[in-house]
Amino acid sequence: MLKIKTPKTLKAKRALDKRAPKLVENAKKTLILHGTKTSYVLNAVLAQIFHLKKGLAVKFSRKNENIRPFESSGETSLEFFSLKTDCSFFVFGSHSKKRPNNLILGRMYDHHIYDLVEVGVENFTPIESFKYDKKIAPRQGSKPFFAFIGENFESVDELKHLKEVLLDHFRGEIVENLNLTGVDRVFVCTAISSTTVSFKHCAIRLKKSGTSIPRIELIEVGPSMDLVVRRHRLPNEAVKKQAMKAAPMQPRKIKNVSRDEVKGKIGKIYMPDQQVGGLALSNNIKGLKRERREGKTKDKRDDQDLSKKMRTEESH
Amino acid sequence: MEAEKYQIDLGNLMAYDPSHHFQPLPSSREELSRQCLEKGTELVQGVVNALFSLPSTEDLDGPIVRLPEPSTRLPREKHLPRPKPPTKWELFAKMKGIKNRKKDKRVFDERTGTWKRRYGYDRVNDDRDVPIIEAKMTDELGEDPFSKRKDEKKKRVDKQEKNRLQNLKQVFKAGDLPSHIQLAATALPITGTQKVIPKKASKEELEDVAGMAATATASGGKFDKKLPGEKPAKHTGKHRKFLPVVEGKGMGAQEKEQTEKILNKLMARSSHDILDVDRAVTMFNVKTEKQRKREKEVSLSSTSNKLKSNKKAFKRSSKKKE
């Protein structure tokens, strides 16, 4: 017979339920890792991407020998890490003579590689080199804006793919409600040529304009870099079809509320039956619990001792 | 008007300008960066215009707007949760039209006059609370009714556990085991869709291995200490059997028969004294056939030689003509 294994603690059960497939999914997390060799620039790039995505990212600091996402059997340990950390994006940095400052942005579906884009990093400017008023610095986890500029994002296949990947990677949590005072960052991506995209991170400053709609101003806060597209791999058609399936949306039924032309909105209230199930039994109440055996015997012995003493005293 | 120029996805707060391209690409980086930011400001202003004109509700922290659904379709992280296949009981209940009704957890116990649990510790109508079981005419002699009741209960529990496992296997096949349940934990991942249940070693396989281990000493396990309850190894490694040579009642004759059979076979193959007429005739026929063939070949080769020489002569003559 097979063994059924269930979590022993409620905490473990909650942790497992958190990673289970859901109708409305959690925000996707990003795994950031190194190859065998990374340059000084790339270390900074990875650290700053981690900084941008803090809260929804996991960063590994060790070197990884056998990760080559584009080659067959080079993705095994990557998929394992994705399963362990429950991440569905990864950013993999490596540096070689053939491909200097190489960054692979990838997505996972069901903990298997979905698609890949490889870019080279050029003209990297770190956060520290931008001088600006720290009051306007974007807050951690705020919802970013995106501005994509250039016709190449539509005409060139690689850039079209990169646009989607960048949007997916940096859009953060999917929210229904947005606080308008929390609007504070934007990613500006410009297609400079058919292979190069300039990627900039800016803060938004809302200024009064006299109307209810404010006038905005962009202040670059970094990091900024040029991404040169190298290799890319589109998702498998069958997998794509699976992954693009949307959850069936059913509008929530409004119960017990009706409208009347004269009386207006009418609500019904139900009195539920008496809940006998929650009744406390005598052994649920601490004071009424049966006596402990040790306590009982101890008390008895004390009584006996007492009586003995009494007797001895009497004899005296 | 401006908004029509861009593609705006308000759900993702994204704007895209597909028409823009740099007329002459700016030579200096500062100039390029300035132009990018200018264009970016224009696009973000477009999004902000749309965003701030959405109906908002006032909150302590500021105005809150409800964002529309993102129009850019992006892939899911994991597959959609699959529907769980019905259990055997659910199938049966559906067939019979049995409906599930909620029962209270607490029941009034008339015997003691208190509220008690329906199931579990200190439950209502517990068999174990009955200290005396009255004897019936059908009772067997020497059977303990209390231990019998306990056994029956245990059997029911075991059966339920078996049914549960069977249902879980069905769910596993459908590929949607609840994330907190693992079957045969060693080989299965937490999530994902791996469909291999490790095979358990059968009784025979285990016995074979145990036997091999027991006889893996110089003496073939003869002087080893036996564990309490250990049975002798089933397969000792001897497979050839020799029949007794000495003539007895049944077995000795068998041995003789066996050897004779083999001898006869050998003798029949190498016996020359009897002439096999059929074989001799075919051999003769084959020989003559071969000879005829050889003669034919000789004549053919001579004719082909002639043809070759003829050709050469023809060529030479054609050259001469030129």
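The values are calculated or read from the model by the stated rules, or taken from the named source; none is laboratory data. Keep in mind that this is a model prediction, so the values were computed, not measured. Note that each Cβ is placed from the backbone with ideal geometry, even for glycine, and that neighbours are counted across all protein chains shown. In case anyone asks, the SASA skips ligands and DNA or RNA and just uses the protein heavy atoms, side chains included. Shrake-Rupley method; radii C 1.70, N 1.55, O 1.52, S 1.80 Å.
Computed values, structure above
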item	result
Table column - 3J(HN,Hα) (Hz), the stretch A:202-218, Karplus curve with 6.51, -1.76, 1.60, x for Gly and Pro	10, 8, 9, 10, 8, 10, 5, 10, x, 9, 6, 8, x, 8, 10, 9, 9
Area accessible to solvent at B:Thr138, 1.4 Å probe radius, in Å²	120 Å²
Chain A: relative contact order in percent, alpha carbon pairs under 8 Å with at least 6 residues between	14 percent
Alpha carbon convex hull of chain A, volume per residue in cubic angstrom	424 Å³
Degrees, to the nearest 10: A:76-85 long Cα axis against longest axis of chain A	50 degrees
Exercise: per-residue mean of other protein chain Cβ atoms within 10 Å, B:64-73	4
Residues with amide H under 5 Å from that of A:Ser224, placed H, sequence gap 5 or more	A:Thr125
The stretch B:1-89: GluC sites (Glu not before Pro) falling in loop per DSSP and having at most 10 other Cβ within 10 Å	none
For the stretch A:130-180: Kirkwood Rh in Å [reciprocal of mean 1/r, alpha carbons]	13.4 Å
The stretch B:1-146 - Rg (one decimal) and Dmax (whole number), Cα, Å	36.3, 110
Table column - 3J(HN,Hα) (Hz), the stretch A:88-103, Karplus curve with 6.51, -1.76, 1.60, x for Gly and Pro	10, 10, 9, 10, 10, x, 8, 9, 9, 5, 6, 10, x, 6, 8, 10
Rounded tilt (10° steps) of A:293-315 against the dominant C-alpha axis of chain A	40 degrees
Low-density loop positions, trypsin sites (Lys or Arg not before Pro), the stretch A:68-107 - DSSP coil, at most 11 other Cβ in 10 Å	A:Lys97, A:Lys98
Cleavage-rule hits, chymotrypsin sites (Phe, Trp or Tyr not before Pro), the stretch B:77-171, DSSP coil, Cβ neighbours within 10 Å at most 15	B:Tyr119, B:Tyr121
Highest-first arrangement of A:43-52, A:66-75, where packing means the average Cβ count within 10 Å	A:43-52, A:66-75
³J(HN,Hα), Karplus 6.51/-1.76/1.60, whole Hz, each residue of the stretch B:146-151, x for Gly, Pro	6, 5, 5, 4, 5, 4
Radius ratio Rg over Rh of the stretch A:102-171, counting only Cα atoms, Kirkwood formula for Rh	1.02
Normalised alpha carbon radius of gyration of the stretch A:215-269 [divisor 2.2 N^0.38 Å]	2.58
Angle in degrees between helix A:10-19 and the longest Cα principal axis of chain A, rounded to the nearest 10	20 degrees
Solvent-free Debye scattering, log10 I(q)/I(0), computed from the Cα coordinates of the protein assembly as shown at q = 0.06, 0.08 Å⁻¹	-0.71, -0.90
Rounded to the nearest 10 Å², the accessible area of B:Thr41 at probe 1.4 Å	40 Å²
Efficiency of FRET between A:Asn43 and A:Asn179 - r from beta-carbon atoms, R0 25 angstrom, step 0.05	0.10
Per residue, the convex hull volume that the Cα atoms of the stretch B:1-64 enclose (Å³)	105 Å³
Calculated FRET value between A:Glu151 and A:Met249, using beta carbons and R₀ = 45 Å, to 0.05	0.85
Cα convex hull of the stretch A:156-262 - mean projected area over all directions, nm²	13.2 nm²
